[in-house]
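Just below is one structure, and these are the notes that go with it.
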Amino acid sequence: MIPVREESTDVPEFPMARAAGCPFDPPPDLRTRQEAGPLAKVRLWDDSTPWLVTRYAEQRTLLADPRVSADITRPGYPSSAPVGPGGSSVSFILMDDPEHARLRRMVTAPFTVKRVAAMRPAVQKIVDDLIDEMLAGPNPVDLVEAFALPVPSLVICELLGVPYSDHDFFQENSKTIIKRDASPDERAAALGRLAGYLDDLVSAKLANPGDDLLSRLAERVAAGELARAEAARMGVLLLIAGHETTANMIALGTLALLEHPEQLALLRETDDPKLVAGAVEELLRYLHITHNGRRRVALEDIEIAGHVIRAGDGLIMANDIGNRDPEAFPDPDRLDLRRDARHHVAFGFGVHQCLGQPLARMELQVVYSTLYRRIPTLRVAEDLARIPFKHDGSVYGVYRLPVTW
């Protein structure tokens, strides 16, 4: 039996702020806590005190443990902000099996490695066309608006069957949903607008199906396997996740590479797809753009690393610092595109591992192997200190990135 440690009654707040001048690194308090041990209690906005898990091995162990729940409706779940009306029904990612598995199976087909590989030529054309437009347009330009956001938005719209002409609408509402200081009512209203929009699209697909994922979901609705509201919520999840995360990785990854010119040179000058794929994994590890950690709640008592997590205790897997654990990644604060980083936890671990990771990987591989080769003199057009970073959202990145060439 491992001796169980007594927990301090003086519980610090969950650290969120990144240090000035270190925009690519996790909050320094997380490094301090990781060095002190793999688990510690932290205090959240509602005075609850979940466990903060900072080390890689314990994160993977707990994420794969069936005694740990992703269900946001369970008592003790460590929500990152107040949950408004309908907040518990956002998506199947906040459910447990068997319901999680039932709904997830309905949308897995387009994200298989084989199906995603077949999409690569179309994504390559999107990337090349957008670069052509950049080169023919104003210089300098905001890379976020001109390139980083349109690439995944065009891809996910095509895959889902959502009109890209509506991108301003769904991007504005998705920003509200993931903004940390949005009120529960603001978040619920944005979610309601998107759900209504997707519900109308599902209805249209019922009448006139196409070759897209929403049409496949509409078929499930028609067969009585899925409620229309469920189909709309699944569409909301895929639409938001399909463009927000990848767009931020494109822009923030480009900035990180421009700040590490020796690493950028490796990527710009290679025609080796294995090096490009490895570079994507290392950038995912190094940047890890999800801020709030993966949140869970214990269903039973769990003994780990000298602590006992009690049933009903919340858990926060701080994956950004987990990806900087020196036990898993030697010299973890160094960006090294030749590193084997495939075992990172940027996409999570276990049954809730990110559904869209094959698509995200492929998009990033196409972007990172094309942009810097097509525009070899690309550089930031503004001092790093003036770049506005997304410290106020659950997905990290930059609001704008002025570049020139």
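Stretching the chain fully between Ala223 and Glu35 yields a gain of 62.3 nm (0.36 nm per residue, less the alpha carbon separation).
Below 8 Å between Cα atoms, with a sequence gap of 6+, how large is the relative contact order for segment 89-229 in percent? Spell out each step's value before the answer.
Values: 86 pairs, mean separation 24.4, N = 141.
Normalised by residue count, the contact order of segment 89-229 is 17 percent.
Based on protein heavy atoms only, segment 120-232 ends up with 46 Å² per residue of surface accessible to a 1.4 Å probe.
Across segment 225-232, rounded Karplus estimates of 3J(HN,Hα) from the backbone phi angles (6.51 cos²θ - 1.76 cosθ + 1.60, θ = phi - 60°) give 8, 8, 6, 4, 5, 5, 4, 5 Hz, Gly and Pro being marked x. Give the shape of segment 67-153 as rounded, prolate or oblate, defined through the alpha-carbon gyration tensor: a ≥ b ≥ c are the square roots of its eigenvalues, a/c under 1.5 means rounded, and otherwise the shape is prolate if a/b is larger than b/c and oblate if not. Oblate. Oblate is the label for segment 326-366, because a/c, from the alpha-carbon gyration tensor with a ≥ b ≥ c as root eigenvalues, is 1.5 or above and a/b does not exceed b/c.
Taking the Cα centre of the chain as the origin, how large is its charge dipole in debye, to the nearest 20, when only Lys and Arg (+1) and Asp and Glu (-1) carry charge on their Cβ atoms? If you can, show how the numbers build up before the last one.
Values: 46 positive and 58 negative charges, 124 e Å.
I would put it at about 600 debye.
Label-to-label distance, Asp271 versus Arg120, with points set 7 angstrom from Cα along the beta-carbon direction: 1.5 nm. In segment 100-158, a dipole from Cβ-located charges (positive for Lys and Arg, negative for Asp and Glu) runs towards its positive end, and of Ser153, Pro140, Met119 it is Met119 whose Cα lies farthest in that direction. Neighbours of Pro78, meaning other residues whose beta-carbon lies under 10 angstrom from its beta-carbon, give a summed charge of 0 when Lys and Arg score +1 and Asp and Glu score -1.
Considering helices alone, the calculated mean residue ellipticity of the chain at 222 nm is -14500 deg cm²/dmol, with DSSP H runs of length four and up weighted by -39500 (n - 2.57) and normalised per residue. For segment 104-118, backbone phi angles converted through the Karplus equation (6.51, -1.76, 1.60; θ = phi - 60°) give residue-by-residue couplings of 4, 4, 6, 10, 6, 3, x, 9, 5, 4, 5, 5, 5, 4, 5 Hz, Gly and Pro being listed as x. Summary value for the chain: 26 percent relative contact order, contacts being C-alpha pairs under 8 angstrom separated by 6+ residues.
With a ≥ b ≥ c the root eigenvalues of the C-alpha gyration tensor of segment 209-357, is it rounded (a/c under 1.5), prolate (a/b larger than b/c) or oblate? Note, shape of segment 209-357 comes out oblate.
For Ala381 and Ser183, the FRET efficiency from 1/(1 + (r/R0)^6), where r spans their Cβ atoms and R0 equals 30 Å, is about 0.25. The slack between Asp168 and Glu133, meaning 0.36 nm per residue of separation minus the straight C-alpha distance, is 10.7 nm.
Here's how it looks for Val398: its modeled amide H is under 5 Å from those of Leu252, Lys390, which are all 5 or more places away or on a different chain.
As an exercise, identify the GluC sites (Glu not before Pro) in segment 165-239 lying in DSSP coil whose Cβ has no more than 15 other Cβ atoms within 10 Å. Here the GluC sites (Glu not before Pro) that fit, given the DSSP loop and packing criteria, are Glu225.
In summary, the aspartates and glutamates within cross-link reach of Lys274, defined as a Cα separation below 19 angstrom excluding same-chain residues under 8 places away, comprise Glu262, Glu282, Asp336, Asp340, Glu363. Residues whose amide H falls under 5 Å from that of Ile304, counting only those 5 or more places apart or on a different chain, are Ile309, with hydrogens built in the peptide plane. Evaluating 6.51 cos²θ - 1.76 cosθ + 1.60 at θ = phi - 60° for every residue in segment 335-343, the Karplus couplings come out as 7, 9, 5, 8, 5, 8, 10, 4, 8 Hz, glycine and proline recorded as x.
Applying Stokes-Einstein at 10 °C and 1.306 mPa s to the Kirkwood radius of the chain, computed over alpha-carbon pairs, gives a translational diffusion coefficient of 72 µm² s⁻¹. Ignoring aspartates and glutamates fewer than eight residues from Lys205 along the same chain, the ones with Cα atoms less than 19 angstrom from its Cα are Glu158, Asp166, Glu219, Glu225, Glu230. Counting only residues at least eight positions apart within a chain, or on another chain, the lysines with an alpha carbon under 16 Å from that of Lys175 are Lys390.
With Kirkwood's inverse mean 1/r over C-alpha pairs for Rh, give me the Rg to Rh ratio of segment 301-405, two decimals please. Working shown, then result.
Working: Rg = 18.4 Å, Rh = 17.6 Å.
Reported Rg/Rh, Kirkwood definition of Rh: 1.05.
The values are calculated or read from the model by the stated rules, or taken from the named source; none is laboratory data. Only a predicted model underlies this, so the values are computations on that prediction, with no experimental measurement involved. Note that each Cβ is placed from the backbone with ideal geometry, even for glycine, and that neighbours are counted across all protein chains shown. Quick note on the areas: whole protein, heavy atoms, side chains included, nothing else; ligands and nucleic acids left out. Shrake-Rupley method; radii C 1.70, N 1.55, O 1.52, S 1.80 Å.
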